[in-house]
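Trainee: Once you've had a glance at the structure underneath, I'll fire off some questions.
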Amino acid sequence: MIRVVLPPHLRNLAQVSGEVLIELTGPVTQRLVLDAIEERYPMLEGTMRDRRTGRRRALVRFFACEEDLSNEEPDAPLPDRVATGEEPFLVVGAMAGG
Amino acid sequence: MSRVRLLVGTRKGAFILTADATRRDWQVSGPHFGGWEIYHVNGSPVEPDRLYASQTSGWFGQVIQRSDDGGTTWRPVGNDFGYEEPVGEHLWYDGTPRPWEFKRIWHLEPSRTDPDTVYAGGEDAALYRSTDGGQKWSELTALRTHETGPRWQPGAGGMCLHTIILDPVDADRIFVAISAAGAFRTDDGGASWLPINRGLRSGEIPDTDSEVGHCVHRLAMHPSRPDVLFMQKHWDVMRTDDAGGQWREISGNLPTDFGFPIAVHAHEPETVYVVPITSDSEHYVPDGKLRVYRSRTGGDEWEPLTAGLPQQHCYVNVLRDAMAVDTLDDCGIYFGTSGGQVYGSADGGDTWTAIVRDLPAVLSVEAQVLP
């Protein structure tokens, strides 16, 4: 089971609380995790990735295991500890001050 | 007794204000979608409990919300806004070509006849239409691909299509306005568009009476006179009597003719309201006084309306979509400010009260009259 933590605005939009649990068969990649999230919560399409290009939105970050994975290849395997559910995959709104 | 419902979009959520026809005591609901920018909330004229909201965020993009019960409950509908290929280019601030890139929806305009049909004005400027209650959106491409499109350039607020007026008589006629391209009209349901900017003069562009490039801030129309349009331009308040064929300035004795919103009285088509703002470099009301100006003569002659509005130490702005009128017998008029106040007048502007004072900065106000 893969654990995904969405930022508060997206939890509200999807009407979920706490972590979202998804199951993937086969490789665990950023793209496949996000595909699974969007399939279950279609209102999140376009909120994390551009709908047309599939690229991460500029002010969205992907963290896991204390690493910033935002600029990793979407098809690169996520860390084993994410794939096994030991660590969550974090979707984060980038910091902004002002 | 009839009721009035105000749909207020702010920088940090939507609020719904309701009152009976006396418009004295208001109930406040919200924030809905707290923390998100709500550029606009608007209701169907034929099914007032059908509401559409533009919910947007620099982080998470564009969401469209729909309510079928007057704003008690909402659900997200379609947010797939794109540009038909080939996307093409427009002018960027630095004068270089730049591909069109969707950023947000500024304005939602439900059909006058069908609650499932709604138009949306986007940034970068494009007009979209949904005919299934907001699930799917299609671009009316002929506007953006107009031969002048490659010359359109954003204003400081972005290149936004912010005004959509559906002609009350001719179903094929639509007026739109874009900052900073100007005003456009279609007479064939969006298949082709005509720039309607003759008579405008803008000192901010090199060719002051250019066919396009004017920073139109807002258009307003009285439904009984669909050929008469009023315009608040960046500077200048303007009027056309032939559906945009020719504009003439009606700024008259206004203390400044810079501003954003413009509205027409619900029952007096020659009564017009504006909120003068100091200048393009000082986006607040002049002299620390919040004054709505009313013309009962279709322009040129204006009177300040001040009763109940702060007349000292006030430095708020009123944005283009943040003024609306209701259709009760004694016309109500409402506006929201950058300081989070929503003011209302139940007597056509003679006297004002603050309905709420401390909302987030107000982006838009719409008024509905409910049976």
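The values are calculated or read from the model by the stated rules, or taken from the named source; none is laboratory data. Computed from a predicted model, the values in this text were never measured in an experiment. In this analysis, Cβ positions are derived from the backbone assuming ideal geometry, glycine residues included, and neighbour counts consider all displayed protein chains.
Trainee: Go through segment B:70-81 and give me each residue that's touching a Lys or Arg at 6+ places or on another chain (Cβ under 9 Å) and surrounded by fewer than 17 Cβ atoms within 10 Å (Cβ to Cβ).
Mentor: If the condition is that a residue be touching a Lys or Arg at 6+ places or on another chain (Cβ under 9 Å) and surrounded by fewer than 17 Cβ atoms within 10 Å (Cβ to Cβ), then B:Arg75, B:Asp80 are the ones that fit.
Trainee: Also, I was wondering about something else. So, in segment B:170-190, how many residues would count as being more than 22 Å from B:Trp106 (Cα to Cα) and of a type in the set (A, V, I, L, M, F, W, C)?
Mentor: The number of residues fulfilling the criteria is 1.
Trainee: Can you spot a residue in segment B:306-315 that is in contact with a strand residue (DSSP E or B) (Cβ under 9 Å, 6 or more places away or on another chain) and in a strand (DSSP E or B)?
Mentor: No - not one qualifying residue is present in segment B:306-315.
Trainee: Can you find a residue that is in a strand (DSSP E or B), under 19 Å from B:Gly158 (Cα atoms), touching a helix residue (DSSP H, G or I) at 6+ places or on another chain (Cβ under 8 Å) and without any contact (Cβ under 8 Å) to a residue 40 or more places away in the chain anywhere in segment B:98-121?
Mentor: no
Trainee: Could you please find all residues in segment B:121-165 being touching an Asp or Glu at 6+ places or on another chain (Cβ under 6 Å) and of a type in the set (A, V, I, L, M, F, W, C)?
Mentor: B:Ala126, B:Met159, B:Cys160, B:Ile164
Trainee: Among the residues of segment B:65-82, which ones are more than 10 Å from chain A (Cβ to nearest Cβ), free of Cβ contacts under 8 Å to residues at least 60 places away in the same chain and part of a loop (DSSP other than H, G, I, E, B)? Give the steps one after another, and end with the answer.
Mentor: The initial filter retains those residues of segment B:65-82 that are more than 10 Å from chain A (Cβ to nearest Cβ), namely B:66-74.
Checking which are free of Cβ contacts under 8 Å to residues at least 60 places away in the same chain leaves us with B:67-69, B:72-74.
Scanning segment B:65-82 gives B:Asp68, B:Asp69, B:Thr72, B:Thr73, B:Trp74.
Trainee: Can you pull out every residue in segment B:122-144 that is in a loop (DSSP other than H, G, I, E, B) and touching a residue at least 24 places away in the same chain (Cβ under 8 Å)?
Mentor: The answer is B:Asp124, B:Ala125, B:Gly133, B:Gly134, B:Gln135, B:Lys136, B:Trp137, B:Leu140.
Trainee: Mind checking which residues of segment B:115-149 are of a type in the set (S, T, N, Q) and closer than 22 Å to B:Asp321 by Cα? Explain how you work it out, then say what you get.
Mentor: Kept after step one, since they are of a type in the set (S, T, N, Q), are these residues of segment B:115-149: B:117, B:130-131, B:135, B:138, B:141, B:145, B:148.
B:Thr117, B:Ser130 - these are the residues of segment B:115-149 that are of a type in the set (S, T, N, Q) and closer than 22 Å to B:Asp321 by Cα.
Trainee: What single numbered condition from (1) part of a loop (DSSP other than H, G, I, E, B); (2) buried (at least 22 other Cβ atoms within 10 Å of the Cβ) fails to hold for B:Gln62?
Mentor: (1)
Trainee: Within segment B:46-59, restricting attention to residues that are crowded, with 19+ Cβ neighbours inside 10 Å and not basic (Lys, Arg), which residue is farthest from B:Asp124 (Cα to Cα)?
Mentor: B:Leu51
Trainee: Then there is this: Mind counting the residues in segment B:194-216 that are under 20 Å from the mean Cα position of the chain (by Cα), assigned to a loop (DSSP other than H, G, I, E, B) and over 18 Å from B:Gly95 (Cα atoms)?
Mentor: 3
Trainee: Residue check: is B:Val118 in contact with a Ser or Thr (Cβ under 9 Å, 6 or more places away or on another chain), at the interface with chain A (Cβ under 10 Å from one of its Cβ atoms) and buried (at least 23 other Cβ atoms within 10 Å of the Cβ)? Working first, answer last.
Mentor: On the way: in contact with a Ser or Thr (Cβ under 9 Å, 6 or more places away or on another chain): yes; at the interface with chain A (Cβ under 10 Å from one of its Cβ atoms): no; buried (at least 23 other Cβ atoms within 10 Å of the Cβ): yes.
For B:Val118, the condition - in contact with a Ser or Thr (Cβ under 9 Å, 6 or more places away or on another chain), at the interface with chain A (Cβ under 10 Å from one of its Cβ atoms) and buried (at least 23 other Cβ atoms within 10 Å of the Cβ) - is not met.
Trainee: Would you check if there is a residue in segment B:302-316 being under 25 Å from B:Gly157 (Cα atoms) and either buried (at least 23 other Cβ atoms within 10 Å of the Cβ) or at pLDDT below 95 (or both)?
Mentor: At the first step, the residues of segment B:302-316 found to be under 25 Å from B:Gly157 (Cα atoms) are B:314-316.
Pick out the ones that are also either buried (at least 23 other Cβ atoms within 10 Å of the Cβ) or at pLDDT below 95 (or both) and you get none.
Taking every residue of segment B:302-316 in turn, none turns out to be under 25 Å from B:Gly157 (Cα atoms) and either buried (at least 23 other Cβ atoms within 10 Å of the Cβ) or at pLDDT below 95 (or both).
Trainee: Identify the single condition in (1) in contact with a Phe, Trp or Tyr (Cβ under 9 Å, 6 or more places away or on another chain); (2) farther than 23 Å from B:His146 by Cβ that B:Arg75 does not satisfy, given that it satisfies every other one.
Mentor: That leaves (1) as the condition not met.
Trainee: Continuing with this model, one more query. What number of residues in segment B:75-103 are farther than 25 Å from B:Ile205 by Cβ and of a type in the set (Lys, Arg)?
Mentor: 1
Trainee: Let me ask something additional. Only one residue in B:Glu47, B:Glu147, B:Glu85 is on the phi < 0 side of the Ramachandran plot, in a loop (DSSP other than H, G, I, E, B) and within 14 Å of chain A (Cβ to nearest Cβ), so which one is that?
Mentor: Values: B:Glu47 fails: within 14 Å of chain A (Cβ to nearest Cβ); B:Glu147 fails: within 14 Å of chain A (Cβ to nearest Cβ).
From the options B:Glu47, B:Glu147, B:Glu85, the qualifying one is B:Glu85.
Trainee: Still on this model: Among the residues of segment B:16-42, write down those that are small (Gly, Ala, Ser), under 19 Å from B:Ser338 (Cα atoms) and away from chain A (no Cβ under 13 Å).
Mentor: Scanning segment B:16-42 gives a single hit, B:Gly30.
Trainee: Have a look at B:Pro360, B:Pro276, B:Pro269 and point out the one that is under 19 Å from the mean Cα position of the chain (by Cα) and within 22 Å of B:Pro226 (Cβ to Cβ).
Mentor: Within the list B:Pro360, B:Pro276, B:Pro269, the selection yields B:Pro269.
Trainee: Read through the list (1) modelled with pLDDT of 95 or more; (2) exposed (fewer than 15 other Cβ atoms within 10 Å of the Cβ); (3) out of contact with any helix residue (DSSP H, G or I) (no Cβ under 8 Å at 6 or more places or on another chain), then give the number of the only condition that A:Met95 fails.
Mentor: (1)
Trainee: Could you figure out which of (1) farther than 22 Å from A:Thr47 by Cα; (2) within 14 Å of chain A (Cβ to nearest Cβ); (3) at pLDDT 95 or above isn't true of B:Ser57?
Mentor: Among (1) farther than 22 Å from A:Thr47 by Cα; (2) within 14 Å of chain A (Cβ to nearest Cβ); (3) at pLDDT 95 or above, B:Ser57 violates only (1).
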